[in-house]
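These notes are about the structure you will find just below.
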Amino acid sequence: MRIDESLLERVRLYALASEKKSRFEHSVRVAQTAERMCGVYGVDPAKGYFAALAHDMCKDLEDTAQLSMASRDGEPVTDVERDKPALLHGRAAAVKLREDFGVDDSDILEAVARHTFGGEGICALAKIIYAADKIEPGRPNSSPERIASLLGMSLDGMCLAVAEESLEYLRSRGKKVAPATLRFLQSLRDSQA
């Protein structure tokens, strides 16, 4: 799927209207980071920018709306997601892109849907959006040096470093870790062995 300017602008305007100002600014930084990462890892930068700009477009919706939208993707809602429906925002955004914006690119839809937890066997674009969301320059632990260091790694190596840091963060705060994240982490560890 080719991302044309009209579709990009429609999604940008929707995200701008539906997200809090700080979240929209985050989405733009993730999009810029993903676009750069796509250049490094051989993925279409336009798709990276587009998927990242859309990744949080449903995050500020009510929990019931996120649950309703996400349930239309055909995947079961996990216990972790049911306990905290805001974790469904990526899945909801993928449904929104498909149903309301006519996006049918499976890599883009997977990248948006899986950016929160990652997932075993996800495509390169999904790995990029997962990592870009967590390392964009507005994050407290991100610096130009850290980002450059991560981009010097293989895609799986970079995702592994980011996923391990995310796991440590969740565990240090006593939060549940999604089974999908644990499977993602294991698949990345296996790919590095």
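A few notes on this one:
- Of the candidates 57, 37, the single residue that is part of a loop (DSSP other than H, G, I, E, B), modelled with pLDDT of 95 or more and open to solvent by less than 60 Å² (accessible area, probe 1.4 Å) is 57.
- In the stretch 61-79, the residue that is modelled with the lowest pLDDT out of those that are of a type in the set (D, E, K, R) and loosely packed, with under 15 Cβ neighbours inside 10 Å is 79.
- From the list 185, 109, the lone residue that is in contact (Cβ under 8 Å) with a residue 40 or more places away in the chain and in a helix (DSSP H, G or I) is 185.
- Taking the listed residues 139, 146, 114, the one that is within 17 Å of the chain's Cα centre (by Cα) and under 17 Å from residue 164 (Cβ atoms) is 139, with no other qualifying.
- Residues that are in contact with a Phe, Trp or Tyr (Cβ under 9 Å, 6 or more places away or on another chain) and not charged (D, E, K, R) within the stretch 98-120 comprise 101, 103, 108, 111, 115, 116, 117, 118, 119, listed in sequence order.
- Of all the numbered requirements in (1) surrounded by fewer than 16 Cβ atoms within 10 Å (Cβ to Cβ); (2) closer than 30 Å to residue 153 by Cβ; (3) free of Cβ contacts under 8 Å to residues at least 40 places away in the same chain, residue 42 misses one, and that requirement is (3).
- Scanning the stretch 138-174 for residues that are charged (D, E, K, R) and exposed (fewer than 12 other Cβ atoms within 10 Å of the Cβ) yields 145, 168, 171, 173.
- Selection within the stretch 169-182 - in a helix (DSSP H, G or I) and of a type outside the set (A, V, I, L, M): 169, 171, 172, 179, 181
- Sole residue being in contact (Cβ under 8 Å) with a residue 24 or more places away in the chain and either within 20 Å of residue 30 (Cα to Cα) or not in a helix (DSSP H, G or I) (or both), chosen from 142, 166: 166
- Pairs, first in contact (Cβ under 8 Å) with a residue 12 or more places away in the chain and over 24 Å from residue 139 (Cα atoms) in the stretch 1-24, second open to solvent by 30 Å² or more (accessible area, probe 1.4 Å) and among the aliphatic types (A, V, I, L, M), C-beta under 7 Å, six or more apart: 3/46
- Residue satisfying all of: in the stretch 4-29; more than 10 Å from residue 54 (Cα to Cα) and among the polar types (S, T, N, Q); least open to solvent (accessible area, probe 1.4 Å) among these: 18
- Residue within the stretch 104-113 that is over 16 Å from residue 43 (Cβ atoms) and at pLDDT 95 or above present: yes
The values are calculated or read from the model by the stated rules, or taken from the named source; none is laboratory data. In this text, all values refer to a predicted model and were calculated from it rather than measured experimentally. Cβ: placed from backbone, ideal geometry, glycine included. Neighbour counts: every protein chain shown. Just so you know, the surface numbers come from the protein's heavy atoms only, side chains and all, with ligands and any DNA or RNA stripped out. Shrake-Rupley method; radii C 1.70, N 1.55, O 1.52, S 1.80 Å.
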